[in-house]
Amino acid sequence: MSDCCMKLIAGVDEVGRGPLAGPVVAAAVILDPNNLIEGLRDSKKLTEKRREELTEIIKQQSLCYAYGRAEPHEIDSINILQASLLAMQRAVVNLSLQPNYVYVDGQHCPNLTCPVEAIIKGDQLIAEISAASIIAKVLRDKEMVEFDKIYPGYGFASHKGYPTKQHLIALEKLGVTPIHRRSFAPVEKILGREKI
């Protein structure tokens, strides 16, 4: 690559691997090296208010950002790891600028046309991954709040689909919704299906 070309580095992360319901959502962010953002870190270590504040800053100051997702039926079809990689791949493809290099949080790399490197605890180490982690979590959390209105009684607004005691009790009492992941053991058990 010639010196005249700016190297575009994207950070990618996903949220929602552990929940029993809802999509897995990924984000990809290319930060502006001339407009650094203070306070980027692992989204789980930030308050909800701070994540929302940073999301607005990231959207305004990054060179570009995009989301990708995999729906519950896709998770059930190809497993959560492959669905997470698919969501990350979709996020990168959706970027308005295509990166020269991609950093991904974790141990596994999505299938991309440019070089990609997986970094364990990358959301704590790489600003681009931190930014992706933050905006992905904010988007998914908001979606789960909306699902709470569509499927009341499960507590999606509070636990965001994770297998809390409240959620498991609601599943037993109210049954399985269209946004539940049927291949996940607690849901599968209620459906009475044997694991394939």
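Rounded to the nearest 500 deg cm²/dmol, what is the calculated helix-only ellipticity per residue at 222 nm for the chain, with -39500 (n - 2.57) per DSSP H run of length n ≥ 4? Mind dumping the intermediate values first?
Numbers: 8 runs with 84 residues, N = 196.
After summing the helix terms and dividing by the residues of the chain, the value is -13000 deg cm²/dmol.
Given the peptides 180-189, 143-152, arrange them by the average over their residues of other C-beta atoms within 10 Å, most packed first.
On the way: 180-189: 18.5, 143-152: 15.6.
Order by mean packing, descending: 180-189, 143-152.
With 10 angstrom as the radius, rank I134, I179 by how many other C-beta atoms surround their C-beta, starting from the fewest.
Values: I134 31, I179 21.
Fewest to most other Cβ atoms nearby, the residues stand as I179, I134.
Show me the helices of the chain, taken as full DSSP H stretches, that run 18 Å or more along their long axis by Cα and average 1.0 or above in Kyte-Doolittle hydropathy.
80-93
Please work out the FRET efficiency for the pair V145 and I190, using the Cβ-Cβ distance as r and a Förster radius of 30 Å; give the result to the nearest 0.05. Mind showing how you got there, number by number?
Working: r = 24 Å, r/R0 = 0.79.
So the FRET efficiency works out to roughly 0.80.
Where is the GNM fluctuation largest for the chain (alpha-carbon springs, 10 angstrom cutoff): A66, A131, A157?
So, out of A66, A131, A157, the one fluctuating most is A157.
For the range 90-115 and the range 126-154, what is the separation of their Cα centres, given in Å?
21
Can you give the charge dipole size of the range 9-146 about its Cα centre, rounded to the nearest 20 debye, using +1 on the beta carbon of Lys and Arg and -1 on the beta carbon of Asp and Glu?
On the way: 14 positive and 19 negative charges, 32 e Å.
Result for the range 9-146 is approximately 160 debye, rounded to the nearest 20.
Which entries in the list K44/K142; K45/K165; K44/K173; K44/K189 go over 27 Å, if you measure between the two C-alpha atoms of each?
Numbers: K44/K142 15 Å; K45/K165 23 Å; K44/K173 30 Å; K44/K189 30 Å.
Over 27 Å Cα-Cα: K44/K173; K44/K189.
Which of the following values of Cα extents along the principal axes in Å was calculated from the structure shown: [x] 53, 34, 25; [y] 66, 36, 26; [z] 61, 36, 25?
[z]
Write down the percent of antiparallel bridges among all DSSP beta bridges whose residues are both part of the chain, to the nearest 5.
Working: 14 of 22 bridges.
Roughly 65 percent of the beta bridges in the chain run antiparallel, per DSSP.
Taking +1 at the Cβ of each Lys and Arg and -1 at the Cβ of each Asp and Glu, which of S84, L31, F184 sits farthest along the dipole of the chain towards its positive end, judged by Cα position relative to the Cα centre?
F184
No value in this document is a laboratory result; all are computed from the given coordinates. None of the values given here were measured: they were computed from a predicted structure. Backbone-built Cβ (ideal geometry, glycine too); neighbour counts: all protein chains shown.
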